[in-house]
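Any read-out appearing in this document is the output of simple, stated calculations on the displayed coordinates, not a laboratory observation. Since the model is a prediction, treat every value here as computed from it, not as a measurement. We place every Cβ from the backbone using ideal geometry, glycine too, and count neighbours over all the protein chains shown.
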Amino acid sequence: MAASKQRRGILCVMSGPSGSGKTTLCRAFSDEDSSCSYAISCTTRPMREGEVNGKDYHFLTEEQFLVQVEQGDFLEHARVHGNLYGTLKSSVFEQVENSRDVLMDIDVQGAALIRESSDPGIQASLVDIFVMPPTVGELEARLGGRGTESEEVFALRMKNAQEEMDQAEKYAYTILSGTREEDLNRFRSIIDTERKKESRLGCV
Ligand code: 5GP
């Protein structure tokens with residue numbers, strides 16, 4: 001009997017400055033596509049109004065986060081805008097092995113750590129995408145319009161945005177952000193192409 005082929009899941013890293021729309025994009029895609037999951041990160045940042053523990057993030061104290069670092073629970077972790085953020089191995093590996101795609105909304109440092117990983121499974125699964133705001137003015141308007149940040153945090157995030165955008169060339173794809181629908185369409189077409197790659201098909 002001929003061996004059937006099973007697709008390897010995609011490990012999709014999404015980065016972009018705060019306000020670029022990447023979180024909305026990840027959430028919208030994972031809601032509409034049943035073979036894709038959003039990896040919920042851990043963070044020490046204070047919870048924003050409307051956020052739910054275990055849905056938006058696993059909110060941890062710095063002490064709890066560092067215990068998980070010691071235990072080797074994170075695929076990657078980094079300090080971003082003054083707080084710790086990390087992706088749990090448990091939220092990623094099992095999904096990819098079961099042919100499910102995983103979306104990870106992570107910063108440029110976390111993306112670099114994953115890109116540098118020597119794990120052949122990660123290398124074979126990885127797709128990295130940078131969501132680029134159309135202009136700095138538009139980014140400012142989006143981040144300000146969100147109204148989730150204090151003046152101080154807003155200034156810090158805008159200051160870090162340029163450094164983040166300088167890293168865009170390290171990513172395989174860039175989505176030049178437009179409307180939500182345009183971003184979603186661009187994202188769908190990248191995932192659609194990646195799913196068809198012969199290198200993602202393995203015999204079972
Ligand atoms: P926010 O506080 O706005 O939710 O996220 C701030 C930044 O942290 C964003 O750039 C986001 O991509 C990044 N981030 C969220 N989760 C993770 C993670 O698990 N690891 C890393 N390295 N960055 C993350």
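Remarks
- A Gaussian network model of the chain, with springs between Cα atoms under 10 Å, assigns the largest mean-square fluctuation among Ser35, Ser150, Ser117 to Ser150.
- Per-residue extension of 0.36 nm, minus the Cα-Cα distance of Thr135 and Glu70, leaves a gain of 19.4 nm for this segment.
- If you wrap the stretch 106-181 in the convex hull of its Cα atoms and look at it from every side, the mean projected area works out to 6.0 nm².
- Normalised contact order of the stretch 31-88, rounded percent, pairs of Cα under 8 Å and 6 or more residues apart: 38 percent
- Viscosity 1.567 mPa s, 4 °C: Kirkwood-radius Stokes-Einstein D of the chain over Cα pairs, µm²/s: 73 µm²/s
- 5 angstrom amide H check on Leu84, placed H, neighbours 5+ away: Thr44, Arg45
- Surrounding net charge for Cys42, when Lys and Arg each add one and Asp and Glu each subtract one, Cβ distance under 12 Å: -2
- The stretch 23-121: C-alpha gyration tensor shape, a/c 1.5 cut-off, then a/b vs b/c: oblate
- Highest to lowest packing among 107-113, 121-127, scored as the average C-beta count within 10 Å: 107-113, 121-127
- Long-range amide H partners of Gly9 with built H, under 5 Å: Ser99, Arg100
- With the helix formula -39500 (n - 2.57) applied to DSSP H stretches of n ≥ 4, the chain reaches a computed 222 nm mean residue ellipticity of -11500 deg cm²/dmol.
- Between Asp33 and Glu97, the modelled labels are 2.3 nm apart [label points 7 Å from Cα along Cα→Cβ].
- Taking amide hydrogens as placed 1.01 Å from N in the peptide plane, the amide H of Ile175 sits under 5 Å from those of Phe130, Val131, Met132, each at least 5 positions away in sequence or on another chain.
- Average Cα contact separation per residue, the stretch 7-195, under 8 Å, 6 or more apart, as relative contact order %: 34 percent
- Comparing Ser90, Ser118, Ser99 in a Gaussian network model of the chain where C-alpha atoms under 10 Å apart are linked, the largest mean-square fluctuation is found at Ser118.
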